[in-house]
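Notes follow the structure.
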Amino acid sequence: MRDFHLPGRSPVFSTGGMCATSHPLGAKVAIDTLARGGNAMDAAIAGAVLLGICEPQMTGIGGDCFVLWSEPGKPVQALNGSGRSPAALDASALRDAGEATVPTYSAHAVTVPGAIDAFCHLSDTVGKIGLDAILAPTIHYAEAGVPVAPRVAFDWALETEKLQGAAREHYLLDGKIPTAGQIWRSPTQAEVLRRIAKDGRDAFYTGEIADDMIATLTALGGKHTAEDFANVACTPTDPIAGRYKDLDVVEHPPNGQGATAILMLNILAQFDIASMDPNGAQRVHIEAEAAKLAYDARDRFISDADYATRTEHMLSMDTARALAALIDPARAMESPRAVSEAVHKDTIYITVVDGDGMAVSLIYSIFHGFGSGIASDKFGILMQNRGAGFTLEAGHPNELKGGKRPMHTIIPGMIVEGGRVTIPFGVMGGAYQPNGHARFASNLSDFGMDPQAAIDAPRAFSDAGTLKVERGYSDAVRAELSEMGHTVDIPQVAIGGAQAIKIHDSGVLEGASDPRKDGCALGM
């Protein structure tokens with residue numbers, strides 16, 4: 001139990017249903033959907049689509065999604081709602097043009113959005129109330145507008161410089177950055193959703209709406225065609241899982257980076273994390289070193305499932321043991337790629353649980369803040385830049401090819417205990433997500449934290465040579481980490497954001513929501 005003398009959040013308890021997400025209105029709409037007779041899938045989609053209006057810098061209908069869901073007595077199911085690169089685009093063309101990486105804010109970084117196809121599919125096959133009812137709240141709020149929340153305003157100000165062309169007209173207010181409390185609306189997106197509600201996924205992937213996206217992208221040099229959009233199709237997949245002490249952690253398979261989280265947990269399992277101070281330097285150091293090695297493996301192997309050949313290698317405990325042996329408990333490594341070569345030679349999230357026990361873990365993103373910065377001229381559909389996740393390295397499993405899915409950072413998760421889903425959860429924050437999954441599971445298992453405490457706890461993340469350490473850690477911890485050889489920095493933005501729901505044996509639902517975001521957990 002938390003100390004009520006100190007600022008913090010209490011867990012939220014209910015029995016009829018629960019949603020936890022990053023914006024209160026998204027949570028409210030999800031709960032309202034349950035009250036209208038929808039199931040957890042209906043509610044998750046309704047809340048997620050609305051988050052594209054509440055948090056347009058984070059997600060939107062020009063993005064991708066991954067989904068895990070379960071029903072009592074049935075195995076966890078997974079759906080890949082990520083899009084592909086244009087069929088006519090190839091790494092060789094960009095290499096010949098002198099590019100070393102896919103230009104982050106170019107049309108070449110824009111993969112065809114897959115989320116709408118996935119949402120329509122899930123509404124038809126899993127949901128109960130129909131797409132028109134699911135989309136109605138977002139259509140209303142897109143037209144009426146929503147007040148800009150504090151964290152959203154903070155992010156908006158940081159990311160506005162990426163907006164280009166029509167995106168500046170659609171995502172600024174009279175040319176200025178919206179501030180907290182101002183009303184932001186998108187009547188053009190309301191019209192898009194109205195057409196999808198009436199005619200399904202074809203309204204988005206063919207005809208005027210698709211033509212608007214294609215014309216905008218081709219004017220910027222993109223290779224996108226009507227056929228690329230018409231051919232979008234989500235893919236049912238089989239989840240992957242790893243065991244950390246008393247928990248089974250279920251993840252989405254590649255092209256998502258869930259295998260990275262499992263590898264990191266397997267590395268951490270080689271150390272006595274539970275004996276360490278949960279907020280001390282030693283734990284931060286071991287976790288940072290494990291992350292370096294796990295992310296190096298990710299960058300080598302994770303790609304479109306049709307090209308990924310080393311997933312079993314990443315999930316193997318033998319691989320984890322060999323990598324753990326490379327960690328010096330007292331000193332930071334400089335180059336994980338150099339030391340691990342011998343071993344490897346051969347950002348929104350929403351979770352909903354309904355009264356019948358269906359649990360949904362859904363993550364939905366446009367990648368970087370405001371994605372590619374490119375919005376379609378007429379309808380203002382902000383396009384993701386997931387193609388920046390490809391490499392241009394010839395022969396690499398994740399090399400850019402036409403019609404291929406890139407390596408993705410977004411991953412939904414579920415905790416399973418005794419064969420039963422007990423916690424659907426997710427951690428936002430781009431590259432941080434596998435590290436966040438590992439830390440969440442460790443906080444639960446090693447330190448007995450409840451989900452809210454596990455989310456509230458301070459975070460650190462080794463990223464591009466810098467160990468980012470939140471202000472929740474003491475100066476003494478930062479000094480000790482510096483002495484170990486880490487380059488320590490306090491990040492400008494809090495690291496990630498997480499949501500979770502614990503399903504107790506009694507049927508009581510316990511919701512937890514990250515104070516680093518504007519959202520909350522709501523029950524009914």
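What to note about this one:
- Listed by first and then second residue, the pairs linking a residue in the range 116-144 that is surrounded by fewer than 20 Cβ atoms within 10 Å (Cβ to Cβ) to a residue that is in a loop (DSSP other than H, G, I, E, B) and among the hydroxyl-bearing types (Ser, Thr, Tyr), with Cβ atoms under 9 Å apart and 6 or more places separating them unless they lie on different chains, are 143/186.
- Boolean, residue 274 is surrounded by fewer than 19 Cβ atoms within 10 Å (Cβ to Cβ), among the aliphatic types (A, V, I, L, M), more than 23 Å from the chain's Cα centre (by Cα) and modelled with pLDDT under 95: no
- Residues being of a type in the set (A, V, I, L, M) and in a loop (DSSP other than H, G, I, E, B) - total across the range 405-415: 3
- Some residue of the range 386-404 being in a helix (DSSP H, G or I) and either on the phi > 0 side of the Ramachandran plot or not small (Gly, Ala, Ser) (or both): yes
- Selected residue (only one of 377, 354 is farther than 21 Å from residue 47 by Cα, modelled with pLDDT of 95 or more and either of a type in the set (Phe, Trp, Tyr) or touching a helix residue (DSSP H, G or I) at 6+ places or on another chain (Cβ under 9 Å) (or both)): 377
- Within the range 118-149, the set of residues being in a helix (DSSP H, G or I), over 30 Å from residue 179 (Cα atoms) and either under 21 Å from the mean Cα position of the chain (by Cα) or of a type in the set (A, V, I, L, M, F, W, C) (or both) comprises 118, 119, 120, 121, 122, 123, 131, 133.
- Failed criterion for residue 257 (all others in (1) at pLDDT 95 or above; (2) farther than 27 Å from residue 163 by Cα; (3) in contact with a helix residue (DSSP H, G or I) (Cβ under 7 Å, 6 or more places away or on another chain) hold): (1)
- Only one of the numbered conditions (1) touching a Phe, Trp or Tyr at 6+ places or on another chain (Cβ under 7 Å); (2) of a type in the set (A, V, I, L, M); (3) within 20 Å of residue 430 (Cβ to Cβ) is not met by residue 263, and that is (1).
Table: residues versus (1) over 30 Å from residue 417 (Cβ atoms); (2) hydroxyl-bearing (Ser, Thr, Tyr); (3) modelled with pLDDT under 95; (4) surrounded by 16 or more Cβ atoms within 10 Å (Cβ to Cβ).
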| site | (1), (2), (3), (4) |
| --- | --- |
| 14 | no, yes, no, yes |
| 27 | no, no, no, yes |
| 79 | no, no, no, yes |
| 85 | yes, yes, no, yes |
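- For the range 1-39, the set of residues classified as assigned to a loop (DSSP other than H, G, I, E, B), under 24 Å from the mean Cα position of the chain (by Cα) and of a type in the set (Ser, Thr, Tyr) consists of 22 only.
- Residue match in the range 90-107 (condition: under 24 Å from residue 411 (Cβ atoms) and outside any loop (DSSP other than H, G, I, E, B)): no
- Residue match in the range 278-292 (condition: in contact with a Lys or Arg (Cβ under 9 Å, 6 or more places away or on another chain), among the hydrophobic types (A, V, I, L, M, F, W, C) and under 27 Å from residue 119 (Cα atoms)): no
- Qualifying position, being modelled with pLDDT under 95, surrounded by fewer than 24 Cβ atoms within 10 Å (Cβ to Cβ) and over 24 Å from the mean Cα position of the chain (by Cα), among 306, 299, 211, 246: 246
- Just so you know, in the range 150-177 the residues that are outside any helix (DSSP H, G or I) and of a type in the set (D, E, K, R) include one that is nearest to residue 22 (Cα to Cα), and it is 176.
- Pairs where the first residue, in the range 189-210, is closer than 18 Å to residue 121 by Cβ and the second is of a type in the set (Lys, Arg), C-beta under 6 Å, 6+ apart: 203/195
- Whichever residue in the range 488-518 is of a type in the set (Asp, Glu) and out of contact with any His (no Cβ under 7 Å at 6 or more places or on another chain) and, among such residues, is nearest to residue 351 (Cα to Cα): 514
The values are calculated or read from the model by the stated rules, or taken from the named source; none is laboratory data. Note that the structure is a prediction, hence the values are computed from the model and not measured. Note: ideal-geometry Cβ built from the backbone for every residue, glycine included; neighbour counts use all protein chains shown.
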